[in-house]
1. When you check Ser60 against the structure, is it assigned to a loop (DSSP other than H, G, I, E, B) and either surrounded by fewer than 17 Cβ atoms within 10 Å (Cβ to Cβ) or of a type in the set (S, T, N, Q) (or both), yes or no?
2. I'd like the full set of residues that are open to solvent by less than 60 Å² (accessible area, probe 1.4 Å) and either more than 10 Å from the ligand (Cβ to nearest atom) or in a loop (DSSP other than H, G, I, E, B) (or both), limited to segment 66-79.
3. Could you grab me the full set of residues in segment 19-75 that are hydroxyl-bearing (Ser, Thr, Tyr) and touching a strand residue (DSSP E or B) at 6+ places or on another chain (Cβ under 6 Å)?
4. Could you check segment 132-178 and list, in sequence order, the residues that are open to solvent by 50 Å² or more (accessible area, probe 1.4 Å) and within 15 Å of the ligand (Cβ to nearest atom)?
5. Suppose the filter is open to solvent by 60 Å² or more (accessible area, probe 1.4 Å) and under 30 Å from His46 (Cβ atoms); does Arg230 pass it?
6. Is it the case, given these coordinates, that Ile18 is under 18 Å from Thr116 (Cβ atoms) and in contact with a helix residue (DSSP H, G or I) (Cβ under 8 Å, 6 or more places away or on another chain)?
7. Does segment 16-56 hold any residues that are in a strand (DSSP E or B), of a type in the set (D, E, K, R) and within 18 Å of Ala84 (Cα to Cα), and which are they?
8. So Leu176 ticks every box in (1) without any contact (Cβ under 8 Å) to a residue 12 or more places away in the chain; (2) not assigned by TED's automatic domain parsing to the domain that holds Thr37 but one. Which box is left unticked?
Amino acid sequence: MKIAILGTGSLARLYGAIFQDDDPLMIGRQLGPYLLTDPNELVSRHNLRFQRWDDPSPDSWDVVFILVKWPAMPLVRNWLQRWAGDALIIPFMNGMGQEDALIPPLHPSQLSPAITTDAAFRDDDPMTGVWRVAVKNRGQAQLTQVAHPNELILRDRAQSLGLPWSWHDAEFMKVLRWKKLIANSIINPLSALAGQPNGDLPGLPIWRLSKPLCQEAETVARAYGVEIDRTLPWIVELATDTGPNRSSMLQDVLLGKPTEIQAITGYIIEQAKKAGIPIPHHQALYQLIESL
Ligand SMILES: NC(=O)c1ccc[n+]([C@@H]2O[C@H](COP(=O)([O-])OP(=O)(O)OC[C@H]3O[C@@H](n4cnc5c(N)ncnc54)[C@H](OP(=O)(O)O)[C@@H]3O)[C@@H](O)[C@H]2O)c1
């Protein structure tokens with residue numbers, strides 16, 4: 001399978017290692033050999049093909065994974081416009097708005113938004129120039145069925161690698177994506193504001209915001225035909241299960257990097273405005289994160 005991976009961060013390095021035998025091309029700003037520590041603390045070394053965003057693509061592609069943070073989206077669009085051809089494109093980013101951001105240049109039948117419970121963190125050492133990624137959880141992935149001819153190639157490959165990946169129709173994926181969006185809209189900003197790992201959140205005073213945040217987001221989801229309720233107990237479970245992890249938004253804030261708040265809370269606010277639903281708690285949280 002000819003596979004390109006847009007991004008060279010945590011998840012890109014994990015997926016690069018998983019699909020290593022397909023000789024994937026990684027596209028980003030910097031990458032060299034890197035060390036991957038798996039959940040059992042086993043360390044492996046990987047040295048994949050790498051190109052910068054502006055370099056001409058050396059090949060055509062069956063499948064392209066998008067594994068960047070949202071601020072890289074203009075580079076992604078530009079790359080896809082030039083080099084995606086008829087490939088099947090799979091964005092694994094958190095947040096929503098992938099269709100609005102990527103169609104066009106893509107055709108709807110090319111785009112298969114996916115979600116994953118894999119968890120990986122960068123652990124680079126700029127002093128020695130050694131790139132590292134620590135994988136904390138090997139989870140599942142759910143992908144949108146789009147009846148693209150290359151979907152079969154990817155399904156076969158995923159099966160031969162023993163990956164717990166499953167494909168679902170767009171309506172079912174919409175529910176899963178909203179559920180994940182709501183979880184991210186609560187855990188990410190609250191952990192970034194509290195400066196605490198996920199597992200500590202339910203015990204903190206700031207967690208009182210989780211109930212109105214969840215109710216607001218569920219109301220917006222229902223306005224778009226997504227039947228969803230009682231998401232909060234699942235979110236508490238998720239925060240507890242990922243206890244020691246620092247959310248990606250907390251990590252971004254600590255590193256002084258732009259966060260993905262626009263694609264998470266920003267998306268919910270945008271949809272709420274269109275549907276005429278007031279969601280003051282999400283608006284307040286959005287402003288607080290922006291002020292960080
Ligand atoms: N990591 C996980 O466990 C996990 C799990 C589920 C979902 N996700 C989602 O997957 C996506 C990727 O996450 P990640 O953890 O792999 O992020 P990451 O480690 O921070 O890597 C992000 C990638 O995006 C690039 N990037 C970010 N801003 C950019 C900009 N302005 N211009 C050019 N490139 C830019 C980075 O390039 P540089 O390295 O050059 O900055 C890097 O290649 C996110 O949407 C995240 O929410 C992650």
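The values are calculated or read from the model by the stated rules, or taken from the named source; none is laboratory data. The structure presented is a predicted model; accordingly, all values stated were derived computationally and were not measured. Ideal geometry is used to build each Cβ from the backbone, glycine not excepted, and the neighbour counts take in all protein chains shown. In case anyone asks, the SASA skips ligands and DNA or RNA and just uses the protein heavy atoms, side chains included. Shrake-Rupley method; radii C 1.70, N 1.55, O 1.52, S 1.80 Å.
1. yes
2. Of everything in segment 66-79, those that are open to solvent by less than 60 Å² (accessible area, probe 1.4 Å) and either more than 10 Å from the ligand (Cβ to nearest atom) or in a loop (DSSP other than H, G, I, E, B) (or both) turn out to be Leu67, Val68, Trp79.
3. Tyr34, Thr37, Ser44
4. Arg132, Lys136, Asn137, Arg138, Gln140, Pro164
5. no
6. no
7. Hits for segment 16-56 are Arg49, Arg52.
8. Exception for Leu176: condition (1).
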